[in-house]
Amino acid sequence: MSNQPVDQSRRTWVTAACAAGGVGGLATAVPFVSTFQPSEKARAAGAAVEADISALQPGEMMTVEWRGKPVWIIKRTPEQLAALPKIEGELADPKSERKQAELTPEYCRNGNRSIKPDVMVAVGICTHLGCSPSSKFQAGAQPSLPDNWPGGFLCPCHGSTFDMAGRVFKNKPAPDNLEIPPHMYLSDTKLLIGEDKKA
């Protein structure tokens, strides 16, 4: 009879030790397993970004950040659109045939380089050395630009110029057109940058 309390006490200690070991093992395993999941920062870096373009007027541009890069959304005027086919002979890659998979999604392989003719979406980074070009939408002679300038972008670092479709002009340091990121319309006034397939 005197052994029974000792056995009960021993069982209590064994149970307590097993429970403590289980909690300790779980506490160690959870952080270890969680290291296989992408961090919040990593998820945010690659996450698609929504952009409301309802207030964007013809001739205006807005910038959103996607994967740490500036992405331009430009609402082109009818005059800017009309000028695009007229300057193809001055462009290095007017049909966006170089590095198509990398720079121009299939749905933007047209003269406007866009889904909707009046709205262009482009990564605002020069394909030469990674500077961010300045918007020079006004047509005509301006400092550092030709007298017949049709409107577009000028890279301040080395003078590369791009038209209103992000296509690079001939004989410039930039080797390629500006990148068109994956994107899609969620509605007439809302864009999703970074994703182009509906789940």
Contact list, first residue from the range 104-130 and of a type in the set (Gly, Ala, Ser), second anywhere and part of a strand (DSSP E or B) and surrounded by 15 or more Cβ atoms within 10 Å (Cβ to Cβ), beta-carbon distance below 6 Å, six or more apart or interchain, is 114/120; 122/72; 124/72
If you scan the range 132-169, which residues turn out to be surrounded by fewer than 14 Cβ atoms within 10 Å (Cβ to Cβ) and modelled with pLDDT of 95 or more?
none
Give me a count of the residues in the range 84-103 that are surrounded by fewer than 15 Cβ atoms within 10 Å (Cβ to Cβ), in contact (Cβ under 8 Å) with a residue 40 or more places away in the chain and over 16 Å from residue 175 (Cα atoms).
1
Could you check the range 91-199 for strands (runs of 3 or more DSSP E) lying wholly inside it with 1 or more residues that are of a type in the set (D, E, K, R)?
134-136, 161-163, 190-193
Any hit, the range 119-131, residues being modelled with pLDDT of 95 or more, open to solvent by less than 30 Å² (accessible area, probe 1.4 Å) and over 15 Å from the mean Cα position of the chain (by Cα):
yes
Sort through 192, 178 and tell me the only one that's touching a His at 6+ places or on another chain (Cβ under 7 Å), modelled with pLDDT of 95 or more and surrounded by 14 or more Cβ atoms within 10 Å (Cβ to Cβ).
192
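The values are calculated or read from the model by the stated rules, or taken from the named source; none is laboratory data. Owing to the predicted nature of the structure, the values given are computational and were not obtained by experimental measurement. With ideal geometry, Cβ positions are generated from the backbone for all residues, glycine too; neighbour counts draw on all protein chains shown. Accessible surface is based on the protein model in full, side chains and every heavy atom, while ligands, DNA and RNA are left aside. Shrake-Rupley method; radii C 1.70, N 1.55, O 1.52, S 1.80 Å.
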